[in-house]
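A.B. asks: Before I ask anything, here is the structure I am working with.
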Amino acid sequence: MRWMSHRGWALAGGALLVVAAAPVFAAPQGPAQPPSPTPQAAAPATTPPPATQETALRIPASEARQALAQGKAVLVDVRSKEAYEASHALGAISIPLSDLPLRAGELPKDKLVITYCT
């Protein structure tokens, strides 16, 4: 395998997984109540379940390229470190799939996270 240019990303050969933070919506409340004189603690946010191979959103390579070109996404190579060092898509960062749960905090929360493997 050789280095891949922007036009030659081999995204179709691997799984495209998109990880995004799910929006959290407040439950409907009853009639409006006057503000409390003492501040109340916010309810803890719930963490969405992790995407699996069956539930992960799949996007076409053209959509992935467009999001990356516009700076709206980050590309993550989830293969082993050795495979990444041998060859990877231009601009991709390496986070092996087995490390992803531990390193998810390194990923931007305001961008689409596109993972690939070949």
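The numbers here are math on the coordinates, done by the rules we state, and not lab data. Predicted model only: the values in this text are computed from it and were never measured. Glycine also receives a Cβ, built like all others from the backbone with ideal geometry; neighbour counts cover every protein chain displayed.
A.B. asks: Within a Cβ distance under 12 Å of Gly91, other residues only, what is the Lys/Arg minus Asp/Glu net charge?
C.D. replies: Taking every other residue near Gly91 into account, the sum is 0.
A.B. asks: Can you put Arg65, Arg79 in order of Cβ neighbours within 10 angstrom, beginning with the fewest?
C.D. replies: Numbers: Arg65 17, Arg79 21.
By the 10 Å Cβ count, ascending, the order reads Arg65, Arg79.
A.B. asks: Going by C-beta contacts inside 10 Å, put Glu63, Glu82, Glu54, Glu106 in order with the fewest on the left. Don't skip to the answer; put the middle values down first.
C.D. replies: Numbers: Glu63 16, Glu82 8, Glu54 5, Glu106 12.
Ranking Glu63, Glu82, Glu54, Glu106 by Cβ neighbours within 10 Å, fewest first, gives Glu54, Glu82, Glu106, Glu63.
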